[in-house]
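*Asks:* Once you've had a glance at the structure underneath, I'll fire off some questions.
Each reported figure results from applying straightforward, stated rules to the coordinates on display, with no laboratory input. Since we're looking at a predicted model, the values are computed, not measured. Note that we place each Cβ from the backbone using ideal geometry, even for glycine, and neighbour counts take in every protein chain shown.
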């Protein structure tokens, strides 16, 4: 496979959320992300989070508009990770880590890095909160969020009445909101938003 | 209970489902109550972001993907060394292809001209003569596989900790079959540049020319390498197997266990 084809394949995998393609990208690019993160005091776990954040950022961007690659996809992707990691370190300590902004600046006119990073942080925070719910609550909320009709929800969740479904949904949603409020990222996001206002 | 009622009210407000009067009351409360404003913002965020089915699936998939081990990183390969290896392989290949094949197989007196070149000339390999025995065979069995052909003689992973090269067979070596079996031997060397890879991780896999995607493809056979360490801390590998393969073009791919991309590749041809 030629480099150009591979770049295109990976961009498409992110756009469409193709699991097979994303798995290939993960296998290919993780060693580089781990090296980057470990060099600056992080762990493999951080690298995995960074991979997810970077994919989400790209996914969100690609839902809005096209990206024209002016470098290889992997260079571009690593640049996103580097940028995210630098911001993470900046927030964690007063140590200012300087990364080369060469690649980042190549895409500045196409990406609002700050906005996309914030979006990604929000989504992952919500998802994390969802994963803390019990299976029953999570399934129920997912069905509601996906706008599955009430009758179908009752049947699928084996609930006896419409009223029970309604009450249980609010109970689960309130639990979810409780988890969100407790998440450290929530505080960070709220502070950022207040600063912007 | 109060929370539940509040949540319901917020949801109805978002869905534009309040009466005019209810809306007015709610908005007055909103303007004076920071907590209510915060709650409304979270509800809006949750509905918007978790209501995206595709995104939800993506997040589930990402969790699944990153919960699995990745192929450990290989350090950057010394480009000079690779270039030298490539040059040596190319030179060897050209010299070999210019030497008449040592074959006992009778050459048919008349062989049809192929419609298209079976093995298009590469910069580092010679073409098969149109009157060779191979040309008479089914051309699709000998058509180069673009996914693997471009990788011959190269070290594919730029960030790898293993650099490797085949010494034998040189690309496009012809092997003859005897009673349907061909003796396939391979040799080469590799170097481990950091601690993330082990010598036992080396895999030698044989693919046909029809595999279009190495990472999804299934190898025809796996060769067990014998590995020895030489005085320079390099590893020499060799493997040999007698196998039944139909005439065609095949590739030996050196890779690392659990890693679904080739590190280096060579090819050989089975002729009758």
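*Asks:* In nm, to one decimal, how far is the residue A:6 label point from the residue B:31 one, both placed 7 Å along Cα→Cβ?
*Replies:* Modelled inter-label distance: 6.0 nm.
*Asks:* Still on this structure, please answer the following. Using R₀ = 35 Å, calculate the FRET efficiency as 1/(1 + (r/R₀)^6) where r is the Cβ-Cβ separation of residue A:132 and residue B:227; round to 0.05. Don't jump to the answer; show the numbers that get you there.
*Replies:* Working: r = 48 Å, r/R0 = 1.37.
That pair, residue A:132 with residue B:227, gives E of 0.15.
*Asks:* Would chain A count as rounded, prolate or oblate if I go by the C-alpha gyration tensor, calling it rounded below 1.5 in a/c and otherwise prolate when a/b exceeds b/c, oblate otherwise?
*Replies:* The shape class here is prolate.
*Asks:* Could you give the Stokes-Einstein D for segment A:121-196 in µm² per second, using the C-alpha Kirkwood radius, 37 °C, 0.692 mPa s?
*Replies:* So the translational diffusion coefficient is about 244 µm²/s.
*Asks:* Would you please classify the overall shape of segment B:2-66 from the alpha carbon gyration tensor, given that a ≥ b ≥ c denote the square roots of the eigenvalues, rounded means a/c under 1.5, and beyond that prolate means a/b larger than b/c while oblate covers the rest?
*Replies:* prolate
*Asks:* Just grab the label-to-label distance for residue B:44 and residue A:40, each label 7 Å out from Cα along the Cβ direction, in nm (one decimal).
*Replies:* 3.3
*Asks:* Contour minus end-to-end for residue B:240 and residue B:200, with contour as 0.36 nm per residue of separation and end-to-end as the Cα-Cα distance? Working shown, then result.
*Replies:* Values: separation 40, 0.36 × 40 = 14.40 nm, distance 1.69 nm.
The residue B:240-residue B:200 span can extend by a further 12.7 nm.
*Asks:* What is chain A's relative contact order, in percent, from Cα pairs under 8 angstrom and six or more apart in sequence?
*Replies:* Relative contact order, chain A: 16 percent.
*Asks:* Continuing with the same structure: Sorted by packing (mean other beta-carbon atoms within 10 Å per residue), highest first, where do A:77-90, B:53-66 land? Kindly include the intermediate steps, with their values, before the conclusion.
*Replies:* Numbers: A:77-90: 20.3, B:53-66: 17.6.
So the peptides A:77-90, B:53-66, ranked by packing, come out A:77-90, B:53-66.
*Asks:* Here is a further query. What spacing in nm lies between the two simple spin-label points modelled at residue A:178 and residue A:90, each 7 Å away from Cα in the Cβ direction?
*Replies:* 3.6
*Asks:* While we're here: Taking neighbour counts of Cβ atoms within 10 Å as a proxy for exposure, in what order, fewest first, do A:10, A:113 appear?
*Replies:* Lowest to highest Cβ neighbour count: A:113, A:10.
*Asks:* So, one more: For helix A:162-182, what angle does its Cα long axis make with the longest principal axis of chain A, in degrees from 0 to 90 and rounded to 10?
*Replies:* Here the helix axis deviates by roughly 30 degrees.
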